[in-house]
Amino acid sequence: MQQIGKPVKGKDFVGREKELFLLMEYIKMGQSVVLIAPRRFGKTSLVLEALSQLKKQKYYTTFVDIFTNPTLELLSSSITQEVLKNHNLHQQFAKAKNSAVAMIQNIKLKTVLEDFQFIVGFVDDNKDSWELLSESVDFVDNFAKKHSAKMVCAYDEFGDIKKFDPRGNLIKMFRSKIQRHTSSTYIFSGSYESVMQNMFVSAKAPFYRLAHIIHIDYLEKSSITAYLKNKFKDLKISLPDNYVEGIVETTMGHPYYSQLAVQQVVLFSVFNKRIPSLDELLNQMLITEKDYLEKSWEDISNNREFVYTIRAIAENSKNIYTRLKTKNINVARATKTLEGMGVLFKDNVKGYYLSDPLLKQWILKKL
Ligand SMILES: Nc1ncnc2c1ncn2[C@@H]1O[C@H](COP(=O)(O)OP(=O)(O)OP(=O)(O)O)[C@@H](O)[C@H]1O
Ligand SMILES: [Mg+2]
């Protein structure tokens, strides 16, 4: 069955050749990179693919998801554990980190503990969590140095670091440490665009010029079309002419929605013993994503200017200035902010459009 939502790898990882090439070239130059895209555009998949290829080229790798670590202690332990994975010591660490005796008696960890004594601090409940994190952040680089290796370290959902850091001190700590690391290169990825924007893009941002910015777009239509055709063939589902092209037309090559379409065609045909029409498929997808879409709308609809602007753009992105003139809406301000939030994309030919193609359809149908 078609599973969606988790990062994809192997033959389900479609396209992204250019992004992957660029990302890896920067890393090899020692240039840190930040990947920015709206939710479900395939950031994590891309990062994991890059790490897996770099690992084959003898890089040490570390992958930490800030979002899944609710406390500073867990974040620190997750960083340390991921670093230790490079020497296959992560399970030893996981087993030993709750008991001083287990930690000290662990023969495999012994040599690491000699060089990196801070690790013993994980068993100490009273240990200052800030210090533990600070040591862990440096451990990434120090461990690589110790073993004369090159390290590539990815912090996924990096914007989420704000949850620990209302005053911005943690960010400063990260920055001052990372700048000094000479054996490590970093990939930061995130989806809260305005947050990432404030961290990396604007001139006042703490990480300004520290990392090269790559924006991730939809998958190329030709790659996703070929993938979907193959996928349906494998699933022994035969489709009318231009059906897959119709899917890609709707999803615009959005990775998650393209995979969702496959899943929903399969489910529909199991239940109804026939293939859904493209309209039925779209409805099915809207039903499945109802909660997510409502939530997305809720996040933006508390602002009157946004609501008018987005609706106008969803209906037709032409002449929005004239159409909204009478409503006393500052379209320029709204579009700019929404673009910064990743809600809108801008194209020289098409003008502004919604980055989430299903949200567009949802708005057209519901509002
Ligand atoms: N390169 C790709 N080829 C095919 N499908 C993909 C690709 N990238 C992502 N997907 C699809 O999109 C889904 C989301 O991918 P992924 O988790 O990598 O995105 P993300 O941007 O990290 O999402 P989130 O914002 O939820 O963290 C995957 O489960 C998969 O179905
Ligand atoms: Mg992700």
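For the pair His215 and Lys346 in one chain, pulling the backbone fully straight at 0.36 nm per residue adds 45.9 nm over the alpha carbon distance. For q values of 0.25 Å⁻¹, compute log₁₀ I(q)/I(0) with the Debye formula on a Cα-only model of the range 292-366, without solvent. After summing over all Cα pairs, the log10 values are -1.30.
Given a 10 angstrom Cα cut-off, can you work out which residue in Arg209, Arg16, Arg323 is the most mobile in a GNM of the chain? Per the Cα network of the chain with a 10 Å cutoff, Arg323 tops the list. Taking 0.36 nm per residue of separation and subtracting the Cα-Cα distance, full extension of the segment from Leu74 to Lys145 would add 23.1 nm.
Mean residue ellipticity at 222 nm, helices only, the chain: -16000 deg cm²/dmol; runs of at least 4 DSSP H residues each add -39,500 (n - 2.57), and the sum is divided by the number of residues.
Placing unit charges on the Cβ atoms only, positive for Lys and Arg and negative for Asp and Glu, gives the chain a dipole magnitude near 580 debye about its Cα centre. Which of rounded, prolate, oblate describes the range 73-154, given a ≥ b ≥ c as roots of the alpha-carbon gyration tensor eigenvalues and a/c under 1.5 marking rounded, otherwise prolate only if a/b is larger than b/c? Judged from the Cα gyration tensor, the range 73-154 comes out oblate (a/c at least 1.5, b/c at or above a/b). Checking the a/c ratio against 1.5 first, then a/b against b/c, what shape does the Cα gyration tensor give for the chain? It is prolate, given that a/c is not under 1.5 and a/b is the larger ratio. Remark: relative contact order (the range 156-288) = 16 percent; criterion is Cα-Cα distance under 8 angstrom and separation of 6 or more residues. FRET efficiency for the Arg323 to Tyr292 pair, using the beta carbon distance and R₀ = 35 Å, is estimated at 0.80. Normalising the average separation of contacting C-alpha pairs (under 8 angstrom, six or more residues apart) by the number of residues puts the relative contact order of the range 13-215 at 31 percent. Here the spin labels are modelled as points 7 Å beyond Cα on the Cα-Cβ line, and at Glu249 and Ala102 they lie 5.9 nm apart. Any idea what angle helix 43-56 forms with the longest principal axis of the chain, computed on alpha-carbon atoms, 0 to 90 degrees, nearest 10? Approximately 50 degrees, to the nearest ten. This model, with +1 at the C-beta of Lys and Arg and -1 at the C-beta of Asp and Glu, gives the range 13-215 a dipole about its Cα centre of some 480 debye.
With the cut-off at 1.5 for a/c, could you classify the range 221-288 from its C-alpha gyration tensor as rounded, prolate or oblate? Oblate. What separates the Cα centres of the range 2-80 and the range 210-289 is a distance of 24 Å. Considering the options Ser184, Leu260, Ile237, tell which one lies farthest towards the positive end of the dipole of the chain, charges being +1 on Lys and Arg and -1 on Asp and Glu at the Cβ, about the Cα centre. Farthest along the dipole direction, towards plus: Ile237.
A protection proxy built from the mean count of other Cβ atoms within 10 Å ranks the segments 185-193, 3-11, 155-163, most packed first, as 185-193, 155-163, 3-11. Based on Cα contacts under 8 Å between residues 6+ apart, the chain shows a relative contact order of 19 percent. Computed from the C-beta positions of Gln31 and Asp241 and an R0 of 41 Å, the FRET efficiency is 0.35 to the nearest 0.05.
Roughly how many whole Å is it from the C-alpha centroid of the range 325-367 to that of the range 167-203? Each part's Cα centre sits 28 Å from the other's. Segment Val123..Lys18, full-extension length gain: 33.4 nm, with 0.36 nm per residue of separation and the alpha-carbon distance subtracted.
Read-outs throughout are calculated quantities, based only on the coordinates presented, and are distinct from any laboratory measurement. Just so it is clear, the model here is predicted, and its values are computed rather than measured. Backbone-built Cβ (ideal geometry, glycine too); neighbour counts: all protein chains shown.
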